[in-house]
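What follows is a short report on a single structure.
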Amino acid sequence: MRVVHRMVREGWGYGGCGIQVNEMKNNGILVKHFFPLHNKVYQKDYGIDRWGSFWALLRWHPWFQSTNSLVSYFGEEIALYFLWLKELTLFLPWIAIPGVVAGILPYFEISKAIVYAVFSIMCVFWGIAWNARWNGLERIFATRYNQDAYVAQEAVRDEYRSSDEFVVYRKDIFNLKFSVPLTLARRGDELLDRYYSNRWRMAARYLVSYPLITLLTAAMVAVLVVINYWRFDNVGNDTVSYASSILSVVTSVIFGVLFDKIIGFTNYIENNRTDNDQEEQIVLKSFFFSFFSFYFSMFIIGLYPDEDTTNIQRLKELEIQMIIITLVKPMVQNLQESILPWLMTQIRRRIDSFNGVCGMIVSVATCTPLPLETEGLTEQEIDGIMLWKEAQREPYETTAGDYLEIALQFGYMTMFAVTFPWAPIAAFFYNTLEMRVDANKLLNFSQRPVASPANNIGGWSAIFGLLSGLSIVTNSYLIVLVSPAIDNIQMATNSTALYQTFIGLQYIFIALAGAWILYGTSTPAYVQKVATKNAILRDDDSRRQARRRKRQMEEGKKRRAEEFQPEDEALIE
């Protein structure tokens, strides 16, 4: 699949067909759909048909999945996402069980503030431990499926608008046969792409795209400020608290729809050259917008300068916000992900079958069934109907949205652990269901994605590390300056001592986290050996030395064979 896809899209200069499939599809030129077909036989052979069923939730091990089967059927990128989601879900009980205990203990007249503070400290280290664990699992995955040694020769995006682009050999570089300014990108076939400086793309990115995203984010923040101002004007009113929390989520969703519209325009004007460049920009912009969209209300509740609002009331408001976000919002999201793909597939089929939107509306009003009967048709006609049905499915674009959803959940869990210890157990059940929802959507409601290689989850590792670092600051602030835990143990008696404790607690967190990262994690010996081998094989000097040693051995063997005399043979006998 990967070879055929590359041959179709790759330019003539590199031995491909040079067919700009995506551009033709987007402009409606000859190509309407371009995707690999699902194969029910392979799904059954790999056991993927059962993996994508909701009945798998009733098994004794509802998180079971075969990474080998996913790699064989979907490729490494999709398989790595599901492996990441599975391992994160199975790592959650280490903090979910203490969270349940922390949520129950206050009912036995044990200090709620102290219990929640201890739990939040555990949650900080759990987040750091997860990042360290995943780094190791990621390296094992890359080694097992030979992704580190795989030389990814990225095809240029069909939508990329090229001005001057050439291919140049290394000898041309040494002979100074090139123009300046230029940018070089090494390829695996000893060629280098040479194209002029990307200063115009950088100008479009930093002078248009990011300012536009920032302006949209600022408008959303202004609306959230108004909502939270209403909240603090009615402190103690639970109805207003829940209503403002719901309004905050609705505001984030509405501005999220606007963001999805804008990001398509910004990516167009940036004219990103490769799919990886495009993916990286989508990840950065999406997380930047979502960080303010989902966390701003939490920050403003904790930091809002209102003398009439006590710290206990702030914690109550944060708890209500966490209930809405970690309990209500995930249920709505899973319901949306389960129903919306099916609904959109049905709409596309009716629009295509009844000649447009008006025909679709009439067919629905008159309850006209879709013309999908196969009785009396030839085998070729039946295959055509099956192909048409699959073409009406939702195109699978990228895993960025799936990673973002869980990244936001991870941030709520770790950064605001002191406010709602039930969040990890809610995340555990949500992620278990999310695995089945994503698998079912991928198999039954999405077009099969083209297999893509991957040896890591990209920028998401850095984002999870950032959230773990921020959790040190937020939990230290909530424990020392908002929660009554410090007052209960009489650790600080004035504001100066409180701020000193706040800073000192952060240093303790950082020191312990650093010690854990340095001494609590290690790379398996097998992974180190394979990585060393691949590094040697990729190194030009090492390859030359290996070829020289091999040539010397062959010459020595030949020389010994020539020096071998008949009397030596008789002596041996």
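Here, each number is a calculation from the coordinates, and none is a lab measurement. If you're wondering where the values come from, they're calculated on a predicted model, not measured in any experiment. When we count neighbours, we look across all protein chains shown, and the Cβ atoms used for this are built from the backbone with ideal geometry, even at glycine.
So the values come out like this:
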{"read-out": "Rg/Rh for the range 380-506, where both radii come from Cα atoms and Rh is the Kirkwood radius", "value": "1.24"}
{"read-out": "Simple label model, 7 Å out from Cα along Cβ direction - Arg560 to Ala497, nm", "value": "8.2"}
{"read-out": "Net charge contributed by nearby residues that have their C-beta within less than 11 Å of Lys32 (K/R +1, D/E -1)", "value": "0"}
{"read-out": "3J(HN,Hα) from dihedral phi, the range 340-354, Karplus parametrisation 6.51/-1.76/1.60, rounded to Hz, x for glycine, proline", "value": "4, x, 4, 5, 5, 5, 5, 5, 4, 5, 6, 4, 6, 7, 10"}
{"read-out": "For Thr274, distant residues with modelled amide H under 5 Å away", "value": "Arg157"}
{"read-out": "Alpha-carbon gyration tensor eigenvalues x 5, square-rooted, for the range 60-118, Å", "value": "39, 11, 5"}
{"read-out": "For Gln392, distant residues with modelled amide H under 5 Å away", "value": "none"}
{"read-out": "Met7/Phe299 FRET efficiency (R0 56 Å; Cβ-Cβ; nearest 0.05)", "value": "0.65"}
{"read-out": "log₁₀ of I(q)/I(0) at q = 0.11, 0.16, 0.18, 0.19 Å⁻¹ - the range 22-150, Debye sum with one point per alpha carbon", "value": "-0.65, -0.97, -1.06, -1.10"}
{"read-out": "Overall dimensions of the range 204-286 by Cα: Rg and Dmax, Å", "value": "16.6, 54"}
{"read-out": "Charge tally in the Cβ shell below 14 Å around Thr214, where Lys, Arg are +1 and Asp, Glu are -1, Thr214 excluded", "value": "+2"}
{"read-out": "Unit charges on C-beta of K, R, D, E only; dipole of the range 364-518, Debye", "value": "800"}
{"read-out": "Protection proxy ranking, peptides 121-127, 263-269, 432-438, 460-466, average beta carbon neighbours within 10 Å, highest first", "value": "121-127, 432-438, 460-466, 263-269"}
{"read-out": "Rh (Kirkwood; distinct C-alpha pairs) - the range 302-370, Å", "value": "15.9"}
